[in-house]
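The values are calculated or read from the model by the stated rules, or taken from the named source; none is laboratory data. Note that the structure is a prediction, hence the values are computed from the model and not measured. Heads up, the Cβs are rebuilt from the backbone with ideal geometry, glycines too, and the neighbour counts pull from every protein chain shown.
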Amino acid sequence: MNKKAIILLSGGLDSTTCLAMAQSQGYDCYALSFRYGQKHSSELNAAKLIAKTSEVKLHKIIDLDLGSFGGSALTDETLAVPEGETSGIPITYVPARNTVFLSVALAWAEVLEADAIFVGVNAVDYSGYPDCRPEYIEAFQKMADLATKAGIDGKGVKIKTPLLHLSKVEIIKKGYELGVDYSKTVSCYQADKNGKACGVCDSCRIRQLAFENASVDDPTIYQ
């Protein structure tokens, strides 16, 4: 039997590259996305398209209304997405999002008897979120080994973060090596219903600069 992996698939550049990397390593991939109260649905539409064209074994979309708590510009209608440089942890941080997502993935992994969970966190070119740091991933791995039957039996799932120490340029170059079509991805924090990017939010600025520095055409469609 082939190895099994769950991929946290947001529909963005990083998670799509993670999916391609997992498949290149021989994993049977199961994609997991979340409708968590985000303001726009275009990233989920992108995730559906990517999962379909990548021929994953199964794609699940889980409803988790983190938006009912508010506290993030990605989920709270009263908070605007910043369109300039910010300092500290930005208001686009969704409280405990990666912890919630990874916990759900961990539950599914036990049922599937999966070998790995791939998550596209990045600690080089990112917005400063606390749940994208190596220390966080190490801590979650320890928790997963303690909190699951598979972990206690010595067969615990491994949290894979192949992008953790890569720059965005390196990620894009790796994706192109693996045939990733980045025109299908949506990274913008405030994309319109058709998936067109704003071009001014933090995520767009990081993405634009990465394509420029990678010396490849930016396939993003902007508003």
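Within the option set Ser15, Ser33, being crowded, with 22+ Cβ neighbours inside 10 Å, in contact with a helix residue (DSSP H, G or I) (Cβ under 7 Å, 6 or more places away or on another chain) and either touching a residue at least 24 places away in the same chain (Cβ under 8 Å) or under 19 Å from Val100 (Cβ atoms) (or both) holds for one residue only, Ser33. Would you say Ser10 is in contact with a strand residue (DSSP E or B) (Cβ under 7 Å, 6 or more places away or on another chain), of a type in the set (S, T, N, Q) and in a loop (DSSP other than H, G, I, E, B)? The answer is yes for Ser10.
Residue-level check: of (1) part of a helix (DSSP H, G or I); (2) without any contact (Cβ under 8 Å) to a residue 60 or more places away in the chain, Asn45 misses just (2).
With respect to the conditions (1) on the phi < 0 side of the Ramachandran plot; (2) within 15 Å of the chain's Cα centre (by Cα), Ala96 lacks only one, and its number is (1). Do the conditions hold for Gly199, that is, is it touching a residue at least 40 places away in the same chain (Cβ under 8 Å) and under 23 Å from Ile50 (Cα atoms)? No; evaluated as a whole, the condition is false for this residue. Entry remark, the range 56-99: residues being part of a helix (DSSP H, G or I), modelled with pLDDT of 95 or more and surrounded by fewer than 17 Cβ atoms within 10 Å (Cβ to Cβ) number 1 in total.
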